[in-house]
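Everything below concerns the one structure shown next.
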Amino acid sequence: MNEAKARPTTYDVLREHGVDRRSFLKFCTVMAAAMGLDASAVGKVVEALEKKPRIPVIWLHGLECTCCSESFIRSSHPIAQDVVLNMISLDYDDTLQAAAGFQVEEIRKRIMKEYPGGYILAVEGNAPTKDGGIYCTVGGQTFLDILKETAEQAMAVVAWGSCASNGCVQAAHPNPTGAQPVHKLIHGKPVINVPGCPPIGEVMTGVITYILTFGRLPDLDRVGRPKMFYAQRLHDKCLRRGFFDAGQFVEAWDDDGARRGWCLYKMGCRGPSTYNSCATFKWNNGVSWPIGSGHGCIGCSEANFWDNGPFYQRLSTIPVPGVESTPDQIGKVAAIAAGVGVAAHFGSFLVKRALDRRKEVAESGDRESRGES
Amino acid sequence: MSTQRVVVDPVTRIEGHLRIEAMLDERGVIKDAMSTGTMWRGIELILQGRDPRDAWAFTERICGVCTTVHALASVRCVENALGITVPENADIIRNIMFLTQYVQDHVIHFYHLHALDWVDIVSALKADPAATAALAQKVSPHWPLSTTGYFTDVAATVKKFVESGQLGIFQNAYWGHPAYKLPPEANLMAVAHYLEALKWQKEIIKIHTIFGGKNPHPNYLVGGMPCAIDLNSDNAINIERLNMVKGLIQDAIHIIEDLYLPDLLAIASFYLDWAAIGGGLGNYMAYGDVPQNGVGDPSKFRFPRGIIMNRNLAEVLPLDPTDTKQIEEEIAHSWYEYPAGQGSLHPFEGVTKPNYTGPKPPYEQLDENGKYSWLKAPRWKGNAMEVGPLARVLVGFASGRPEFKEVVTEALGRLNAPAAALFSTLGRTAARGLESRLAVHWLMEEYERLIANLKAGINSTADTSKWDPSTWPAEAKGFGLTEAPRGALGHWVHIKNGKIANYQAIVPSTWNASPKDGKGQHGAYEAALLGTPMANPKQPVEILRTIHSFDPCLACASHVLGPDGETLATVKVR
């Protein structure tokens, strides 16, 4: 962390806010637990918050729908109030900012100047690149310019949601504005992709608090997503997985299988190709998640998920296991269909599907195809 | 003639990207104004060629603040095109999600987007906690967090935060501006409730999670709702889920009745001068919603449908969504072009060909005589209209609905204000609270409707008889209307051979934030700003008050589409 300018530490601020040491330690324990750390890590959390200042955060909005901001304020641990008042210094965020107009732009420029290399740039949405970026302007300046200018002196860039991480809906075919995700536009800076439409609130606050707590960025996978939240397929942790293995499927909306909560694979569920924490944390403090409430996953955290549809078309044409199949038999069927072994599961189909899609999509050069298995 | 131009860009505490340019006369009064949407995404163009059953998910992403409303309009327009009638339970669950959205979104708007136009956080530092507690108990006797100790803690939090020197989102604002009139105690109370409301909004929205799996962006379904009901299943809507919904509604009633409304009326009582400012067009339009007998029977909507012209509450004009001459969009001041000779087009014939003719960024100002916005100018029979909470409340009131009369009359009585006070910035802000009160009680009534059906053994949530595209006609057109929290929302779809041939949405903020039309008629924001005196042009508190009273949503407003197979024109940047 850049210590260019002395700033009050998180602990200082908590203390100033009347939080005693005992409460502070309790807070650290809860936060460590929220991040899935074991008890031995609590000491590190305490140390980080005692020494690190409240880091300035500039939160930009490009082409987006603000669902990420809404999700952020849905976070239950920590709650948004704690993050904004006690953990970071949210100096620029046009959705919540009290000031408007030139006073706001002044703030952004001042933070860039006063904290070079010492602020986090959070980006919600992405930048239109077509026609000189004219499809999104703020204060008379194109968002594309603002993004590049603000990223220049940032310590790290957090790309909130699928818009910033991989393009999302406005980048779906035919991408009328030439919308590009952050990592395609910003180079030479760490970019943390936090995909999802939106990401889960606790995932968002988790990414921020991880950085504050450990003074480093979370470990990322090969597409820049924090491993702690995006390492596992929903299908592997789904409460309905048992029904998949037993060959019990919803065949039509509101049928007997739907009422019993059977597997939604035949209704187009993207759980088998989606990496996210929905099955683990669930949504809105664990109340439910899409599959839990009867609709298949649409794969909203995967790149190009809008062009991997239609959503209600099942993922694969491989034979679906019958009611009498055992898990072992299912494995065999998948292996024969895929031809590359049990581990591939639906993998080879997805690769082919992605390649087919690339041919269809006009701007294939701007897209990523990932055959994950 | 001396003219000063005030530019506010970005307008903050809204959804999306909005720019306001206001021209002041020599007395500092706004004599002309321009509302500019500065973002365009082209979502309807992206919809072409896709499966109409997927459209709700795409259109839902038009906006994450008023999440669900575009999904609802979308499934309704596809169902309308395909001749699908959803089961009553699906309508009820949609109503429950709709009303939940109202209550949550309106509370967030009041406390987190709008309050800072009226509440001076820095002044709260001077408040006496004991006097604040006395004020709070007087304002709302049934709200429990009103002790001296509670306000002492809140005051300490504010003090330490301000003294830390890291003011975050509250820095560089207009604290101390003469337009702020609340006493320190009222400011402290409002700051405390800003934080309470922030905690609560994430709770009430769990109703969306129960029925739709997540929020923002819960799931919908053409033909019904995807959440099956089975009282004998632990994997469907059952008594545990229903109890949670009921508990959340009870909490919401408490928040609306004992926090939001008392705060709204208390703050309004200090700003009655704003009941004479910001009235604007005086033309109001509501599509109506919350069906009791299906979407095909608007006479049974809880929010009635209708038009009010020229502030005439004695007459509610009919609105016919099937008449293609009533609603049309113009582009005289919008960065688009139409085929030669066409001044306005109905959404079924809508054309969207972007044609940017503004200055090359970075720019200082736009030209009010030329094209200046990414928003089109929708008009009803050629008239500019205001949509939103005030329009809904006025249409309900003027239609003689007793529940509307009751809440309006009571509020006006408590503020000792005449009915004309409604046609104002303050009236718009008050109407949002008044309809929240209606909405939260309707929410419980809709829940009871669902329970009554379940008692009668009616469990169905989806009609799948026309799920398979092979059952569809080769060609079909449909429309879906709803009332988003910000106002009248319509989607129009044209389905050909199982795919979307054309899709168009006309959204509330396009009506309200629209630029001028070919006749030079201002949109609702622009009209509402005219005649507003500004104390200090460098601190646009007055502009923010009126613009925020509409609750702008610009991601919604700058949607747009192109006709069948048309490619977008090259945009010239000069």
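Data table
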| item | result |
| --- | --- |
| Shape category assigned to the protein assembly as shown from the gyration tensor of Cα positions, a/c cut at 1.5 | rounded |
| Cα gyration tensor, the stretch B:261-351 - rounded (a/c under 1.5), prolate or oblate | oblate |
| Chain B, helix-only ellipticity at 222 nm - DSSP H runs n ≥ 4, -39,500 (n - 2.57), divided by all residues, nearest 500 | -11000 deg cm²/dmol |
| Per-residue mean of C-beta atoms belonging to partner chains within 10 Å, peptide A:171-178 | 6 |
| Antiparallel DSSP beta bridges within chain B, as percent of all bridges there, nearest 5 | 90 percent |
| Averaged over B:354-364, number of beta-carbon atoms from partner chains that fall within 10 Å | 4 |
| Spatial separation of Cα centroids for the stretch B:209-231 and the stretch B:412-445, in angstrom | 31 Å |
| Proximal lysines to A:Lys26, defined as alpha-carbon separation beneath 23 angstrom and excluding residues fewer than eight positions away on the same chain | A:Lys44, A:Lys51, A:Lys52, B:Lys160, B:Lys199 |
| Accessible surface, the protein assembly as shown, averaged per residue in Å² (probe 1.4 Å) | 32 Å² |
| For the stretch A:167-228 versus the stretch B:41-95, the gap between their alpha-carbon centres in whole angstrom | 28 Å |
| Proximal charge balance of B:Ala22 [Cβ under 15 Å; K/R count +1, D/E count -1] | -3 |
| Summed residue charge, Cβ within 11 Å of A:Ser71's Cβ, Lys/Arg positive, Asp/Glu negative | 0 |
| Surrounding net charge for A:Val287, when Lys and Arg each add one and Asp and Glu each subtract one, Cβ distance under 13 Å | +3 |
| Peptide B:450-458, shielding by other chains (average Cβ, 10 Å cutoff) | 0 |
| Heavy-atom accessible surface of the stretch A:171-225: percent carbon and sulfur, 1.4 Å | 51 percent |
| Chain-alone versus full-assembly comparison, the stretch A:251-296, residues with accessible loss of at least 30 Å² (1.4 Å probe) | A:Trp253, A:Asp254, A:Arg259, A:Trp283, A:Asn284, A:Val287, A:Pro290, A:Ser293, A:His295 |
| For peptides B:414-422, A:203-211, B:84-92, sequence by mean Cβ density within 10 Å, most packed first | A:203-211, B:84-92, B:414-422 |
| Candidate residues A:Lys282, B:Lys360: accessible-area rank, largest first, probe 1.4 Å | B:Lys360, A:Lys282 |
| In Hz, Karplus ³J(HN,Hα) per residue of the stretch B:227-244 (6.51, -1.76, 1.60; θ = phi - 60°; x = Gly, Pro) | 7, 6, 10, 8, 6, 9, 10, 8, 10, 8, 5, 9, 5, 5, 5, 5, 4, 5 |
| Relative contact order (percent, whole number), the stretch B:362-461, Cα cutoff 8 Å, 6+ residue spacing | 24 percent |
| Rounded percent of accessible protein surface that carbon and sulfur make up, the stretch B:439-528, 1.4 Å probe | 51 percent |
| Relative contact order (percent, whole number), the stretch A:73-143, Cα cutoff 8 Å, 6+ residue spacing | 17 percent |
| Over chain B, relative contact order from alpha-carbon pairs under 8 Å, at least 6 apart, % | 26 percent |
| Candidate residues B:Lys538, B:Lys499: accessible-area rank, largest first, probe 1.4 Å | B:Lys538, B:Lys499 |
| Separation between Cα centres of the stretch B:347-384 and the stretch A:240-290, rounded to whole Å | 44 Å |
| Karplus-derived HN-Hα couplings along the stretch B:18-30 (A = 6.51, B = -1.76, C = 1.60, θ = phi - 60°), whole Hz, x at Gly and Pro | 10, 10, 10, 10, 10, 9, 9, 7, 5, 8, x, 9, 5 |
| Rounded accessible area of B:Lys246 (nearest 10 Å², 1.4 Å probe) | 70 Å² |
| Per-peptide average of other Cβ atoms within 10 Å, ordering B:20-29, B:272-281 highest first | B:272-281, B:20-29 |
| Within straight-line cross-link reach of B:Lys466, aspartates and glutamates at Cα separation under 20 Å, skipping those fewer than 8 residues along the same chain | A:Glu251, A:Asp254, A:Asp255, A:Asp256, B:Asp51, B:Asp54, B:Glu79, B:Glu88, B:Asp91, B:Glu475 |
| Whole-Hz couplings from phi, Karplus 6.51/-1.76/1.60, listed for the stretch B:152-157; x for Gly and Pro | 5, 5, 5, 4, 5, 4 |
| Cα gyration tensor shape for chain B, rounded if a/c is under 1.5, else prolate or oblate | oblate |
| DSSP beta bridge pairing in the protein assembly as shown, given as percent antiparallel to the nearest 5 | 70 percent |
| Area buried, chain B against chain A - accessible surface, total, 1.4 angstrom probe, square angstrom | 7800 Å² |
| Spatially proximal lysines relative to B:Lys376 (Cα-Cα < 23 Å; intrachain offsets below 8 disregarded) | A:Lys130, B:Lys31, B:Lys325, B:Lys353, B:Lys360, B:Lys477, B:Lys516, B:Lys519, B:Lys572 |
| Portion, in percent, of the accessible area of the stretch B:202-241 that falls on carbon or sulfur, probe 1.4 Å | 44 percent |
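The values are calculated or read from the model by the stated rules, or taken from the named source; none is laboratory data. The structure presented is a predicted model; accordingly, all values stated were derived computationally and were not measured. All Cβ positions, glycine included, derive from the backbone under ideal geometry; neighbour counts span all protein chains shown. Accessible surface is based on the protein model in full, side chains and every heavy atom, while ligands, DNA and RNA are left aside. Shrake-Rupley method; radii C 1.70, N 1.55, O 1.52, S 1.80 Å.
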